[in-house]
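Working notes, beginning with the structure itself.
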Amino acid sequence: MPFPIIPIIIGALTAVAATTLIVACWDEIVGWFSEKKTDINDYGELIKHRLANGKYKLVGGVFSSRGMKKAENVWETEQLDDELQKKFAYSNQIRI
């Protein structure tokens, strides 16, 4: 199910103002997802994009069990903390 959601999340790149960080922190991002999940069946998707300038753009979305977008956010960062690096070790997309 994550593949149909990718275009929706990527669309958030132009629809949401980005939060700029020096180091993206797993705890901060998970906290945002926790605040936005209003139902036990809600889930989050986080996609990592490496930009040409070496920085990262993280695009996050919270979705209902039916795949309806409930919230979105974009973080721009120079670095990922250790925990984020572990989470993205084998993929550019993770489910939260």
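Compared with the direct C-alpha span, the chain from residue 66 to residue 20 gains 13.5 nm at full extension, assuming 0.36 nm per residue. 3J(HN,Hα) along region 84-96, derived from phi through the Karplus expression 6.51 cos²θ - 1.76 cosθ + 1.60 where θ = phi - 60°, amounts to 5, 4, 5, 4, 9, 4, 10, 7, 9, 9, 9, 9, 10 Hz, with x in place of Gly and Pro.
Net charge of the neighbourhood of residue 63, taken over other residues with C-beta under 14 Å away and scored Lys/Arg +1, Asp/Glu -1, is +2. Relative protection proxy for 51-64, 83-96, from highest mean packing down: 51-64, 83-96 (other beta-carbon atoms within 10 angstrom).
Each value in this text was obtained by applying a stated rule to the coordinates, not by laboratory testing. Everything numeric here is computed off the predicted structure, so don't read it as measured data. Cβ: placed from backbone, ideal geometry, glycine included. Neighbour counts: every protein chain shown.
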